[in-house]
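Structure record follows, encoded as structure tokens.
The values are calculated or read from the model by the stated rules, or taken from the named source; none is laboratory data. In this text, all values refer to a predicted model and were calculated from it rather than measured experimentally. Using ideal geometry, Cβ is built from the backbone for each residue, glycine included, and neighbour counts are taken over all protein chains shown. Ligands, DNA and RNA are stripped out before the accessible areas are found, and what is left, the full protein with its side chains, is counted by its heavy atoms. Shrake-Rupley method; radii C 1.70, N 1.55, O 1.52, S 1.80 Å.
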Amino acid sequence: MDDELGGSDLPPPLSDVVCPFCAMACDDLVVARDQAGQLRVTANGCARARTLFALPALPAHCFIRGRAASLDDALDAAAALLRNAGSPAVGGLAADTEGVSAALALAERLGAVVDHAASDSLFHGLRALQVTGAMTATFGELRNRADLFVLFGTEFDRHAPRLFDRIVHPPTALFRAAGAASGFLIGPGDGAAPEGFERLTAELIHAPAIAAALSQLVVGENPRGDRVGGIAMEDLARVATALREARFGVVGWIAATLDPAAGDVAIEAFNRLVVTANASTRCAGLPLGGKGNALGANYVCAWQYGMPLRSRLGAGPPEHDPLRYRLKSLLAEGGIDALVWLSALNGAEVPDTRTPMVVLARPGQPLPYDPEVLIPVAIPGLDHAGSIHRGDGVAALPLRRLRTATLPTAAAVLNALLDRLPASPHPALFRETAHV
Ligand code: SF4
């Protein structure tokens, strides 16, 4: 597949292309390429996909403290910085499976903390999962069967741009009337709701209380008071009735838009609502959002090291602590003295920190300032083949190379950096699974 576009002949538009630019991982894009290798989404992509696929594949320089440098010199400078680090970290991790795997191998060599740029949202879900468990479904099941969607949040266009095209109102569905699903949007704002949907306005800080009241109403109990989170109880009663009467209901949310201090509490309440509704009909949770292959990065860490992200690798057995090894906190406290930041995909803005940094970034990645070392890398799914994990957690989708790459892959750069560092004094006891 990697050689699929070899040569310079203009190929016909490619169909069924997987988009790597959000966790929906849409696999139906049609992409055309001109003689210069310029890509253009001609069908099925959202505005973000159209913009990012159109990024030109230009050769880009490496930089050392703002001065252009060769790749070899940039790697030497990065190795010198990392060799002397006492408390290093490898973050961002917005890359395909192979890129993440190489980043974790580097972290293992360095004895570094690992964390993803979007892991706050990820860990809201993981903490809730530990407390309540979760009943979810694949995107395919929802697309083909779900007839009611209760969605908490408002920024679906930003976090799951094709949610309605692909899952809620798809053009075809196997076991329900396509386009017939109805639902409720619960969240701030009072704009027009999509067809078949009703908007119930509430601040998402009240999401746990609203979901808890819905659980009570679904089982026939009467919550106290006449409003919850600003929503009239009779309106919530209609939502509960719809959940009870649905053949296949869905409770969805975008973790990134929940209360940052208590997103896990909200997701626990959503998970409980799903379980409650399942006592009388079928219902599934739908976590939405997530960029930069955050879920995939967590999977790679788990299968290679037996621990999720927010772990320290390499210094003996992996050590996981979701609070102590939250990278944003460590950077704010000055607890990191050298940072490798990987941003081959979107969704991993380079942190505005004075911590000496080696940045591996796709071309066009905004930088708050010149890092110690900047190495541009290829974009997975455009410049090289690979895989990413879809937001429903069940499918690793294959990415294709769509044009002749002008930049090295993140994995190649990280492996070259690894070769410049001394072997770890610690035995690699936990990374025995072959890279996928
Ligand atoms: S919704 Fe996400 S995966 Fe689908 S085309 Fe848009 S950016 Fe790509």
- Report yes if ALA261 is closer than 22 Å to GLY290 by Cα, part of a loop (DSSP other than H, G, I, E, B) and open to solvent by 30 Å² or more (accessible area, probe 1.4 Å), otherwise no. yes
- Query: surrounded by fewer than 16 Cβ atoms within 10 Å (Cβ to Cβ), within 16 Å of the ligand (Cβ to nearest atom) and more than 30 Å from GLY334 (Cβ to Cβ): does that describe SER70?
  - Reply: no
- Task: Kindly establish whether THR42 is within 16 Å of the ligand (Cβ to nearest atom), open to solvent by 60 Å² or more (accessible area, probe 1.4 Å) and in a helix (DSSP H, G or I).
- Result: no
- Of all residues making up the stretch 276-293, the number that are out of contact with any Phe, Trp or Tyr (no Cβ under 8 Å at 6 or more places or on another chain), open to solvent by less than 10 Å² (accessible area, probe 1.4 Å) and under 24 Å from ALA25 (Cβ atoms): 1
- Message: Please verify whether LEU104 is over 21 Å from ASP383 (Cβ atoms) and either of a type in the set (Ser, Thr, Tyr) or buried (at least 17 other Cβ atoms within 10 Å of the Cβ) (or both), treating the condition exactly as stated.
- Response: yes
- Message: List the residue pairs whose Cβ atoms are under 6 Å apart, where the first residue sits in the stretch 123-151 and is aromatic (Phe, Trp, Tyr), the second is surrounded by fewer than 20 Cβ atoms within 10 Å (Cβ to Cβ), and the two are 6 or more positions apart or on different chains.
- Response: PHE123/PRO322
- Inside the stretch 342-369, can you point out the residues that are buried (at least 24 other Cβ atoms within 10 Å of the Cβ) and assigned to a loop (DSSP other than H, G, I, E, B)? ALA344, LEU345, ALA348, ARG362
- Note on the structure: Within the stretch 45-67, the count of residues that are outside any loop (DSSP other than H, G, I, E, B), over 18 Å from ALA405 (Cα atoms), open to solvent by less than 70 Å² (accessible area, probe 1.4 Å) and within 14 Å of the ligand (Cβ to nearest atom) comes to 3
- Query: Among the residues of the stretch 326-341, is there at least one that is within 27 Å of ALA395 (Cβ to Cβ), open to solvent by less than 10 Å² (accessible area, probe 1.4 Å) and small (Gly, Ala, Ser)?
  - Reply: no
- Just need a number here: residues in the stretch 125-143 that are touching a strand residue (DSSP E or B) at 6+ places or on another chain (Cβ under 9 Å) and either open to solvent by 60 Å² or more (accessible area, probe 1.4 Å) or part of a helix (DSSP H, G or I) (or both). 6
- Output the residue which, of all residues in the stretch 28-39 that are under 24 Å from THR172 (Cα atoms) and in contact with a Pro (Cβ under 9 Å, 6 or more places away or on another chain), is surrounded by the most Cβ atoms within 10 Å (Cβ to Cβ). VAL31
- Mind checking which residues of the stretch 73-101 are polar (S, T, N, Q) and crowded, with 20+ Cβ neighbours inside 10 Å? THR97, SER101
- Message: Filter the stretch 166-187 down to the residues that are over 14 Å from PHE197 (Cα atoms) and open to solvent by 60 Å² or more (accessible area, probe 1.4 Å) and list them by number.
- Response: PRO171, THR172, LEU174, PHE175, ALA177
